[in-house]
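What follows is a short report on a single structure.
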Amino acid sequence: MTSANRRATIVTLSQMAGVAPSTVTRALRGDTRISTKTRKRILALAQEQGYTPNVLARTLSSGKSGLYGLVLGPSTNPFYTELMHEATRQAEALGYRFLIIHAGSGPVELRTTEALLHYQVDGCLVSSATQSSRVAEVCEKNAVPLVMVNRVALQHGCAVTCDNASGGRDLARLLIGKGRKKFAIVTTSSYSSTAQERESAFTDELARSELKLKHRYDGKSHYEGGYEAGVELAKLTSSRRPDAVFALSDVMAMGLLDALRLKGVLVPDDMAVVGFDGLSTSARPIYDLTTIEQPLPMMIERAFAMLASRFQNPRLPDETVSLKGELIIRGSSGN
């Protein structure tokens, strides 16, 4: 720290180095117009004094903060934890930072949007949250680009999603191909666009083979809800029990599998189980879950590209990109 115990700034570094502030700024940016000797001396001085760039000053001078808002779904679903880790990894590689200001299943409130504007974020990634029309309007008026990830934007903003319909069809075809005849589904409480697309495609594919759902349970979008659904399924007599269940998310499927195992229902012999998301935990031997793996790295990459292009040109039209997931076949769906 400086002799006066003040935070090191461009001005204090310039005074210590005996050069103009503009020289310090150029040296820290690696400007080759500054001699190598001077650049090294200023860089060493900055490190010695613990200098860190003033983000607010950079924002004022360039109009870009390098800060992005990240609005996540409920922390009880590990999918959003994996999404956060992937987004943070890519942001770090790009030199960006995240401001996480909302994590839940409810709507993005107006105060959340106001916080985004207060911190002058360059854009926002929103996952598993319902946008109010007011929030969309505020973002649009303030030229804050917004990209929904794992959701379709209902108002202002772009979206990057997994091809949920394709995944739902693939799972139905897999189970039908294995000779399953009686089906159940475990839904999410929010019944978002993601859930609707997965369920509709699954049931439509069943209908093509003159099959239909026998049972439908609310898994409440979390492990405990999936477990409760499993308990109810296990109570059914063998004649009423489905021989295949599609849980609309892996976290519910894992709760379902644990309940069935504890209640003595054999998977996949008595009942096949499939999920959706491709969580890393779904591959554990205790679950061995057949699922659709969402292409998270590619989804986040496309989302950042959308934000960057719309920060440069706010007049670009909104767009929605759907990327196909990968069917991962494991033991829970049977041989």
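The values are calculated or read from the model by the stated rules, or taken from the named source; none is laboratory data. From a predicted model like this one, the values you see are computed outputs, not experimental measurements. With ideal geometry, Cβ positions are generated from the backbone for all residues, glycine too; neighbour counts draw on all protein chains shown. Calculation scope for accessible area: heavy atoms of the full protein, side chains included, ligands and nucleic acids excluded. Shrake-Rupley method; radii C 1.70, N 1.55, O 1.52, S 1.80 Å.
Inspect all residues belonging to segment 131-139 and state whether any of them is within 22 Å of residue 219 (Cβ to Cβ) and at pLDDT below 90. No, the conditions are met nowhere in segment 131-139. When segment 218-262 is filtered for residues that are of a type in the set (Gly, Ala, Ser) and in contact (Cβ under 8 Å) with a residue 40 or more places away in the chain, the ones remaining, listed by number, are 221, 226, 229, 244, 247, 249, 253. One residue stands out among those in segment 310-335 that are among the hydroxyl-bearing types (Ser, Thr, Tyr) and within 20 Å of the chain's Cα centre (by Cα): the one that is modelled with the highest pLDDT, which is 322.
Whether any residue in segment 278-285 is part of a helix (DSSP H, G or I) and buried (at least 16 other Cβ atoms within 10 Å of the Cβ) is what I want to check. There is at least one residue in segment 278-285 that is part of a helix (DSSP H, G or I) and buried (at least 16 other Cβ atoms within 10 Å of the Cβ).
Quick check, is residue 252 crowded, with 20+ Cβ neighbours inside 10 Å, at negative phi and in a helix (DSSP H, G or I)? For residue 252, the condition - crowded, with 20+ Cβ neighbours inside 10 Å, at negative phi and in a helix (DSSP H, G or I) - is met. With respect to the conditions (1) open to solvent by 20 Å² or more (accessible area, probe 1.4 Å); (2) of a type in the set (A, V, I, L, M, F, W, C); (3) at pLDDT below 95, residue 298 lacks only one, and its number is (3). Sort out which residues of segment 171-204 are crowded, with 20+ Cβ neighbours inside 10 Å, closer than 17 Å to residue 333 by Cβ and charged (D, E, K, R), and write them in order of number. Correct list: 180, 198. The requirement of being within 21 Å of residue 187 (Cα to Cα), open to solvent by 60 Å² or more (accessible area, probe 1.4 Å) and modelled with pLDDT of 95 or more is satisfied by residue 293. Taking the criterion of being over 25 Å from residue 75 (Cβ atoms) and touching a residue at least 24 places away in the same chain (Cβ under 8 Å), the residues of segment 207-217 that qualify are 209, 211, 212, 213, 214, 215, 216. Within segment 301-333, take every residue that is polar (S, T, N, Q) and assigned to a helix (DSSP H, G or I) and give me the one that is most open to solvent (accessible area, probe 1.4 Å). This residue is 312. Residue-level analysis places residue 270 outside the set of residues that are surrounded by 16 or more Cβ atoms within 10 Å (Cβ to Cβ) and part of a loop (DSSP other than H, G, I, E, B).
Considering only residues in segment 196-241 that are in a loop (DSSP other than H, G, I, E, B) and within 19 Å of residue 265 (Cβ to Cβ), the one that is modelled with the lowest pLDDT turns out to be 238.
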